[in-house]
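First up is the structure itself, then whatever we jot down about it.
Readers should treat all values here as calculations from the given coordinates under stated rules, not as data from a laboratory. Fair warning: this is a prediction, and the values are worked out from it, not measured in the lab. Because the Cβ atoms are built from the backbone with ideal geometry, glycine has one as well, and the counts that use them run over all protein chains shown.
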Amino acid sequence: MKVRIIERINADGYKTYEIQQKHWLFKWWWVDAWINSWQGASCNSTFYTLEDAKKHLCYFDGTKCTQTVVY
């Protein structure tokens with residue numbers, strides 16, 4: 001899935017970084033990643049620093065989680 005991070009500057013000058021994905025149905029349309037999430041609004045895709053957004057990109061770019069039996 002295509003993923004990007006955009007910088008959003010609000011009218012008051014406050015800056016946030018949003019992870020966006022291609023819409024699940026309308027593939028040409030970029031949307032905030034929480035819109036594609038099954039968790040909806042409880043899924044956080046807005047961050048206050050670019051570094052923090054980059055750290056969380058793995059949750060939206062299709063990276064698989066690994067599981068290991070430890071006992």
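Neighbour counts of C-beta atoms inside 10 Å place 57, 50, 25 in the sequence 25, 50, 57, starting with the fewest. Within the same chain, lysines fewer than 8 places from residue 64 are excluded, and of the rest, those with a Cα less than 28 Å from its Cα are 2, 22, 27, 54, 55. Residues 26, 60, 47, ranked from the fewest to the most other C-beta atoms within 10 Å, line up as 26, 47, 60. Expressed as a fraction of 2.2 N^0.38 Å, the C-alpha radius of gyration for the chain is 1.26. Couplings 3J(HN,Hα) for the stretch 14-20, derived from phi with the Karplus relation 6.51 cos²θ - 1.76 cosθ + 1.60 (θ = phi - 60°), are 5, 10, 9, 10, 10, 7, 10 Hz, where x marks Gly and Pro. Under 10 Å, Cα contacts only: if you run a Gaussian network model on the chain, which one of 53, 33, 11 comes out with the highest mean-square fluctuation? It is 11.
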